[in-house]
Every structure is written in structure tokens, then in C-alpha cells.
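Comments concern the structure below.
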Amino acid sequence: RKLRFNFQAPNRMESALAIGLLGFVVLIMIAFSFNLSTTLNGMVVQPLERMLHTVRVMTKSLMTQAAQLDDPDAADEEEKFNALSELEQLEEVVRKLARLSQMLVQKTAVNDEELVGM
């Protein structure tokens, strides 16, 4: 006599539970990625967008002031500036501020003799 064991029902149950576990893990991963995305958006993206908006507003103000000085290259420079990406605009503003500060330092440079006389 041979004994035959039928494991069909337990195997089906094991497979169904494995599929259920896999689906649960996928849903948990989706929920955590959504939560991470929302958190990073609030902590990084929105402050960066506010900062870039502030830079854009200040830059536009600087460009209009330059245009008021009747600089013939100001209009062309403003068009070129508007064509740049936000990061390139930020780099250009920092470059211009560095040039302005360098000019200010050269204009108000004090030599050693004047410094001793103070």
C-alpha cells in the first residue's frame, strides 16, 4: 500500500499569502515614497522656489535700473538674461554682485599712508 499526500490546498494557501505579502509591501513602499516626496517638497523645493523668485524680482529691479541709465546694452543684456535658466540667472547675479563689490573696493581703497594717518 502506498500513501498519497495531497498538498495542493496548503501550496495554494502559501502562494496566495506570498502574493498578498508582495502586494502589501508594494503598497507600503508607495505610501512611504509619497510621504517622502511630500516632505522633501516642503523642506527643499518650496524654499528654493521662494529664494529663486526673490532673486528674479531683485534682478528684474536691477535690470530696469540699468535700463533707466540709458545703457544701450541694457536691453540686450536683459533679453539674454531672461533666456537663461534660473540657475544660470542666479550665477549671473552673483557674478555681477562680485564685480560691483570689486569696483566698490577699488573705488574706496585706502593706502597704507592714509591708514596710518587715521
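State the extension gain, in nm to one decimal, for the chain segment bounded by Glu14 and Glu92, taking 0.36 nm per residue of separation less the distance between their alpha-carbons. It would help to have the intermediate numbers written out before the result.
Values: separation 78, 0.36 × 78 = 28.08 nm, distance 6.27 nm.
21.8 nm is the gain from fully extending Glu14 to Glu92.
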*Can you give the net charge of the other residues whose Cβ lies under 14 Å from the Cβ of Leu52, counting K and R as +1 and D and E as -1?*
-2
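Each value in this text was obtained by applying a stated rule to the coordinates, not by laboratory testing. Being a predicted model, the structure only gives us computed values, none of them experimental. Cβ sites come from the backbone with ideal geometry, for glycine too, and all protein chains shown count toward neighbours.
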